[in-house]
Number of protein chains: 2
Amino acid sequence: MPTEKATQVNALVFNQTLRLDAKYPDPSPREDEALIEVHLAGICATDIEITKGYMSYEGVLGHEFVGTVVRGSRRWRGRRVTAEINCVCGKCDMCQQGLANHCRKRSVIGISGRDGCFAQFIAVPERNLHEVPGAISDEQAVFIEPLAAAYQVVKQCPIEKRTRVAVIGSGRLALLVAQVLRTTGCRLEVVGRNEHTLDFCEKKGIQTISLSDLVPRADRDVVVDCSGNPDGFETAMRLVRPRGTLVLKSTCAAGTRINLAPVAVNEITVLGSRCGPFPDAIGALARRDIDVESMVSRQLPLARGVEAFELASDPRYIKILLKVKG
Amino acid sequence: MPTEKATQVNALVFNQTLRLDAKYPDPSPREDEALIEVHLAGICATDIEITKGYMSYEGVLGHEFVGTVVRGSRRWRGRRVTAEINCVCGKCDMCQQGLANHCRKRSVIGISGRDGCFAQFIAVPERNLHEVPGAISDEQAVFIEPLAAAYQVVKQCPIEKRTRVAVIGSGRLALLVAQVLRTTGCRLEVVGRNEHTLDFCEKKGIQTISLSDLVPRADRDVVVDCSGNPDGFETAMRLVRPRGTLVLKSTCAAGTRINLAPVAVNEITVLGSRCGPFPDAIGALARRDIDVESMVSRQLPLARGVEAFELASDPRYIKILLKVKG
C-alpha cells in the first residue's frame, strides 16, 4: 500500500523501448477511481503489438490483471478485483447510446491515454471494477478480460450445434475463443501454424488443422480470425461459405494488401469484435467451464518484465504472467 | 431472329482486348434455355473492371439487358424480358440451402463462364427470366439488374428514418443506391469525387459532399461503399460509427493496403452485397419511384461498342447504353 514514502513504484514502461522503471511515479487516483495493488498480470498480443508501434501508446503497459483495492470507496476497499479496460466519459453520443465501450473520449488501460497494470499500483475508475469471486484463483482471474473478449464472439454471432465453425490462429486468444465455442457443441476446427498450441486443443478434444495442411474450401458457416496477423483474414475469407460470417478479432499494427472483392461477391458478413462481457467470463471460470490454468506457461516477477515479453513472443509458450506482488 | 443463314452475329468480345467481332458464333441454347434477341444493354463498372482483368473472363461482355424471347418454351416465347445473371446448377450445397445466387458451379452472364448480352442474341436459362411489364421502357429495363443490386442494400440492412447513411461513390451504382435509400426517408448523404454525378443527386434533393471537402467523423450508422475503388473502403471506415454497418458493394480487380484493425476496434459490421431482388427493382421502375432515364448519357449502336466503353469510363457521363436492335 502506498505510503508517504512510497511515491515511486516499479513499472514496465513502453516509451520507444520497453524497460523497467524503478522510479515510476505512484498513480494518483481521481475521486471516482480506486487504487489497486496488482497481484498478477497477463501479457497479451496487444501488449506485444504496442511495442511494435500499435496505437502509438507510451506509458505503463498491461490491461489483464487481478489485484486488491487499497484505496477507494467503502464498496470496493479490500476487494479482490479485475477491471474493464475502457474508461469512459458517460456523456458523448456513444455513451448516451449505450455503447460506452466506444466512448469518443475513452482512455484504455495500458493501451491508450492511461497507464496499465504492469506496475505495483494502478488507478482505475470504480465503475470499471468487477469483484473476483473466491472460487476463481489469481491465475484464472488474469484471464477474465481476454476470456470476456472471447465470449463476445458468441454474443455477436449465434452459434448452434450444427454450425460449422473454424477458428484461425493458435495463439492465446484463439485458444480461449475455441474453448468458448466448444461449450456451444458446434462443429469446431482450429486452424493454426503453432504445433504447441494446436496440441493444447487436441488434448481438449478440439479438432485442429495445421495451416500447412489446409485445403481451402469455402464451407464454414462462421470463421473467427484470431490469428493476430494480416494473412489470417485472407485465410478466413477462403474458408467462410458464401453468406457466412467472418468474425474479426485480430488487431494488427501492419496493414496488408487485401482484395476485399470476395467479401462483396460472396456476400460475407464481417463482424469486428473487441471487448466482451465480464460477467460471462467470470461465471465460466467460477464454473470451471473453461480451462485457463493449463495455458499458463511461466510466471515471472515484474522485475523480469522485459524477459517476460520475449517469452510471450516465443511460440513455444502460451501465456506468460507477471507476478507483481509477493 | 436467327435463321439458317444467320449463324454468325455481331458481338462485343473481350479476349485480352476488347473488340467487335462481326462473325461471333450464334448462341445455341440448351433445352432449359431461351434465345433472346437483345434490344438494349447497359455498360456497368463490372464490365470495365473485366477489361482490366477482373474475373479473368473472356467472351461476350455484358449482363444488363432487355430483349425479346425468340426461341424457348411457350411460357416465354415473344415476351419482353430481362434476366438474373447467376446461372445455377440447382444441386450443390448452396443451391440446396436456398443460396442459389452462390451456386458452386454457377456461370454468370458476361462475367464468368457464359457469354453476355453485348451481342445480337443471348442464350439464358428460362428460370432466370423476368418479364418486363409494359409500363417499363427499354431504357428503364436495362437498369433492372443494377437497381436490384441497389435494393439488396435495404434488404440486408434495416434503414429507418432516423438512420444516418452515407453512400461513398458517385458512379452509376452509387446513384441507384442513393435513390433507393432516399425512398426510406433516412438521413442521407452521398460522398464522391465526380461533380457531374453529385449534381445529379443535388437535383434529386439528395445531400452531397465532395470527397475533397469531407471531414472524416465516424458518426454515420450505415455507410455504403459503391466507390468501385479500393480507397472507398478506407473512406467508409472513417465515416461509420462504432458498431455501425459498412455495406460493401464494390468489387475491384485491384487489392489495396488496408489496415482492418478499425473494423475490430470499432466493432463494425461489414456486409458484402452483390446481386439483389429483381421484383423490387421492377416494381420500383413501374411505379416510377426511381428515375433511371435521366441517368442515360448516351446510346450507341453495338457496332460502336469499343467507343461506348471509352465513354462509360469517362467521368463526364453517367450511363452508356448499347443499342443492339434497330
(message) Given the -39500 (n - 2.57) contribution per DSSP H run of 4+ residues, what per-residue ellipticity at 222 nm results for the protein assembly as shown, rounded to the nearest 500 deg cm²/dmol?
(response) -6500 deg cm²/dmol
(message) If I take the Cα coordinates of chain A and project them onto the principal axes, what are the three extents in Å, biggest first?
(response) 64, 43, 40
(request) Can you tell me the dipole magnitude for the protein assembly as shown around its Cα centre, using point charges on the Cβ only (Lys, Arg +1; Asp, Glu -1), in Debye to the nearest 20? (result) 940 debye
(message) I want to check the label-to-label distance for A:Arg162 and A:Glu307. Put each point 7 Å from Cα in the C-beta direction and report it in nm to one decimal.
(response) 5.5 nm
(request) Heads up, I need the accessible area for B:Leu214: 1.4 angstrom probe, whole protein in place, Å², nearest 10. (result) 30 Å²
(request) Note the distances from B:Pro158 to each other copy's matching label point, with points 7 Å along the Cα-to-beta-carbon direction, in nm, sorted shortest first. (result) 1.3
(message) Students often forget the sequence filter, so: which lysines lie under 21 Å Cα-Cα from B:Lys23 once same-chain residues fewer than 8 apart are removed?
(response) B:Lys5, B:Lys323, B:Lys325
(request) Write out the GluC sites (Glu not before Pro) in the stretch A:11-108 meeting two conditions: DSSP loop, and at most 13 other Cβ atoms within 10 Å of their Cβ. (result) A:Glu31, A:Glu58
(message) For the stretch B:100-151, which trypsin sites (Lys or Arg not before Pro) pass both filters: DSSP loop (anything but H, G, I, E, B) and at most 15 other C-beta atoms within 10 Å?
(response) B:Lys105
(message) Am I reading the B/A interface right? What is its buried accessible area, both sides, 1.4 Å probe, to the nearest 100 Å²?
(response) 3300 Å²
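Work out the length of the dipole vector of the stretch B:147-272 about its Cα centre, built from +1 on the beta-carbon of each Lys and Arg and -1 on the beta-carbon of each Asp and Glu, and round it to the nearest 20 debye.
Around 320 debye, computed over the stretch B:147-272.
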(request) Determine the order of B:His196, A:His130 by accessible area, beginning with the largest, at a probe radius of 1.4 Å. (result) B:His196, A:His130
(message) Could you check the spin-label model distance between B:Arg79 and B:Ser28? Points 7 Å from the Cα along Cα→Cβ, value in nm.
(response) 2.6 nm
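Which value does Rg/Rh take for the stretch A:209-254 over its C-alpha atoms, Rh per Kirkwood?
Expressed as Rg/Rh, it is 0.96.
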(message) Just to confirm my numbers, what's the Cα centroid distance between the stretch B:186-256 and the stretch A:192-235 in Å?
(response) 35 Å
(message) Suppose a student asked you for the relative contact order of chain A, using Cα pairs under 8 Å spaced at least 6 residues apart; what percent would you report?
(response) 19 percent
(request) Quick one: compute the contact order of the stretch B:147-272, relative version, from alpha carbon pairs under 8 angstrom and 6+ residues apart, as a percent. (result) 22 percent
(request) For A:Lys249, list the lysines whose Cα falls under 21 Å from its own Cα; do not include residues on the same chain fewer than 8 positions away. (result) A:Lys52, A:Lys155, A:Lys319
(message) Along each principal axis of its Cα atoms, how long is the stretch A:147-272 end to end? Whole angstroms, biggest number first, please.
(response) 38, 29, 29
(message) Per residue, how large is the accessible surface of chain B? Use a 1.4 angstrom probe and give square angstrom.
(response) 40 Å²
(message) Suppose every Lys and Arg Cβ carries +1 and every Asp and Glu Cβ carries -1, with no other charges. What dipole size does chain B come out with about its Cα centre, to the nearest 20 debye?
(response) 500 debye
(request) Using DSSP to define loop residues, name the trypsin sites (Lys or Arg not before Pro) in the stretch B:52-89 whose beta-carbon has at most 13 other beta-carbon atoms within 10 Å. (result) B:Lys52, B:Arg74, B:Arg75, B:Arg77
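The values are calculated or read from the model by the stated rules, or taken from the named source; none is laboratory data. Keep in mind that this is a model prediction, so the values were computed, not measured. Virtual Cβ from ideal backbone geometry, glycine too; neighbours counted across all protein chains shown. Ligands, DNA and RNA are excluded from the accessible area calculation, which covers all protein heavy atoms including side chains. Shrake-Rupley method; radii C 1.70, N 1.55, O 1.52, S 1.80 Å.
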